[in-house]
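A.B. asks: My structure is below; once you've seen it, I'll send some questions.
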């Protein structure tokens, strides 16, 4: 068995359950002892039960939170870029393949969504430009 990490993070909504990994037992089995629950959004670390986390535990968990926030931020940007690609595909579909009935079904909703998005983007752009002045 290769070298396993000392900690395992089971990702869940808004965070993770944190386990200490142990392979140094008589049966040479992998044992995972839950030591904490983490909230990525607010950085809260809750020890499991009556457990007291060591400084090393806290350092590992905080490093994981930092890395996880970076991963989630990158995914968020990637999702937006995929949405841009999808909007381009919708444009091509509307121009070349959509039937009148299909366009009637989606036009108002799509126009309102695009108007809402445009309004927010223009306002945020103006705020950034004013902030740069």
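The values are calculated or read from the model by the stated rules, or taken from the named source; none is laboratory data. Note that the structure is predicted; figures quoted are calculated from it, not measured. Positions of Cβ are backbone-derived with ideal geometry, glycine not excepted, and every protein chain shown enters the neighbour counts.
A.B. asks: Looking for whichever is without any contact (Cβ under 8 Å) to a residue 60 or more places away in the chain, more than 19 Å from the chain's Cα centre (by Cα) and surrounded by 15 or more Cβ atoms within 10 Å (Cβ to Cβ) here; the options are 57, 85, 22. Which one fits? Working first, answer last.
C.D. replies: On the way: 85 fails: surrounded by 15 or more Cβ atoms within 10 Å (Cβ to Cβ); 22 fails: surrounded by 15 or more Cβ atoms within 10 Å (Cβ to Cβ).
Sole residue among the options that is without any contact (Cβ under 8 Å) to a residue 60 or more places away in the chain, more than 19 Å from the chain's Cα centre (by Cα) and surrounded by 15 or more Cβ atoms within 10 Å (Cβ to Cβ): 57.
A.B. asks: Here are the criteria: (1) touching a helix residue (DSSP H, G or I) at 6+ places or on another chain (Cβ under 9 Å); (2) at negative phi. Tell me which single one residue 43 does not satisfy.
C.D. replies: (2)
A.B. asks: Could you run through segment 1-12 and say how many residues are within 26 Å of the chain's Cα centre (by Cα) and either assigned to a loop (DSSP other than H, G, I, E, B) or not assigned by TED's automatic domain parsing to the domain that holds residue 68 (or both)?
C.D. replies: 3
A.B. asks: In this structure, is residue 43 within 14 Å of residue 61 (Cα to Cα), under 17 Å from the mean Cα position of the chain (by Cα) and exposed (fewer than 14 other Cβ atoms within 10 Å of the Cβ)?
C.D. replies: yes
A.B. asks: Turning to a different aspect of this structure: So residue 130 fits all but one of (1) assigned to a helix (DSSP H, G or I); (2) modelled with pLDDT of 95 or more; what number is the exception?
C.D. replies: (2)
A.B. asks: Which residue pairs have Cβ atoms under 6 Å apart, sit 6 or more places apart or on different chains, and have a first residue in segment 89-107 that is at positive phi and at pLDDT below 95 and a second that is assigned to a helix (DSSP H, G or I) and surrounded by 13 or more Cβ atoms within 10 Å (Cβ to Cβ)?
C.D. replies: No pair meets every condition.
A.B. asks: Further question on the same structure: Specify which of the listed residues (94, 98, 74) is under 21 Å from the mean Cα position of the chain (by Cα) and either more than 30 Å from residue 8 (Cβ to Cβ) or surrounded by 10 or more Cβ atoms within 10 Å (Cβ to Cβ) (or both).
C.D. replies: Step by step, each of 94, 98, 74 is checked, and only 74 is under 21 Å from the mean Cα position of the chain (by Cα) and either more than 30 Å from residue 8 (Cβ to Cβ) or surrounded by 10 or more Cβ atoms within 10 Å (Cβ to Cβ) (or both).
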